[in-house]
1. For the ranges 53-62, 67-76, what's the packing order if you count other beta-carbon atoms within 10 Å of each residue, average per peptide, and put the highest first?
2. Give me the dipole magnitude in Debye, nearest 20, for the chain about the Cα centre, with unit charges on the beta carbon: positive for Lys and Arg, negative for Asp and Glu.
3. Taking the Cβ-Cβ separation of ASP73 and SER95 as r and a Förster radius of 30 Å, what is the calculated FRET efficiency to the nearest 0.05?
4. If R₀ is 30 angstrom, what is the calculated FRET efficiency for the pair ALA60 and ASP19, using the beta carbon separation as r and rounding to 0.05?
5. Quick one: if the Förster radius is 25 Å, what FRET efficiency do ALA52 and THR11 give, using the C-beta to C-beta distance and rounding to 0.05?
6. Using the charge dipole of the chain (Lys, Arg: +1 at Cβ; Asp, Glu: -1 at Cβ; taken about the Cα centre), state which of VAL63, PRO81, ALA52 has its Cα farthest towards the positive end.
7. For SER95, enumerate residues with amide H under 5 Å from its amide H, sequence gap 5+ or separate chain, H modeled in the peptide plane.
8. Figure the gain on full extension for PHE103 and ALA38 (residue separation times 0.36 nm, minus the Cα-Cα span) and round it to one decimal in nm.
Amino acid sequence: MVTDPNARVFTPWPHEPTDACTLVHCHTHNVDEPEYDAYRVCGECSHVFPTAAALLADQAALVKRLNANPIADPRSPDAPPVLMEAATDPDTIWSCPHCAHDF
Ligand SMILES: [Zn+2]
Ligand SMILES: [Zn+2]
Ligand SMILES: [Zn+2]
């Protein structure tokens, strides 16, 4: 039995958010992601990026996924689609790679 009111129990496996974990519940992964010394936390889906490298890696994965199915420019559908480039500076990433919400 936990009696310390500051002790919060985090659930590391996928689950529905509850009142108890709403502050740390990541809606991208449906797990609880305590902040601790996180580099950045998404205000929308609450995903925690523990380090700048983690943010860069997630953004790079998103770019790779988008580039796998590039969308042609509707104004010039015959032109080769423009591929995105992965960021190299975490400070240039202004939206969450998981939910596209602005930081
Ligand atoms: Zn939760
Ligand atoms: Zn997000
Ligand atoms: Zn997450």
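We did not get these values from a lab; they are worked out from the coordinates using the rules stated. None of these values were measured; they are calculated from a predicted model. Please note: Cβ atoms are built from the backbone with ideal geometry, for glycine as well, and neighbour counts cover all protein chains shown.
1. 53-62, 67-76
2. Dipole magnitude for the chain comes out near 260 debye.
3. Here the calculated transfer efficiency is 0.90.
4. That pair, ALA60 with ASP19, gives E of 0.30.
5. Working: r = 26 Å, r/R0 = 1.06.
Result of the calculation: an efficiency of 0.40.
6. PRO81
7. Answer set, sorted by chain and number: PHE103.
8. On the way: separation 65, 0.36 × 65 = 23.40 nm, distance 1.38 nm.
Value of the extension gain: 22.0 nm.
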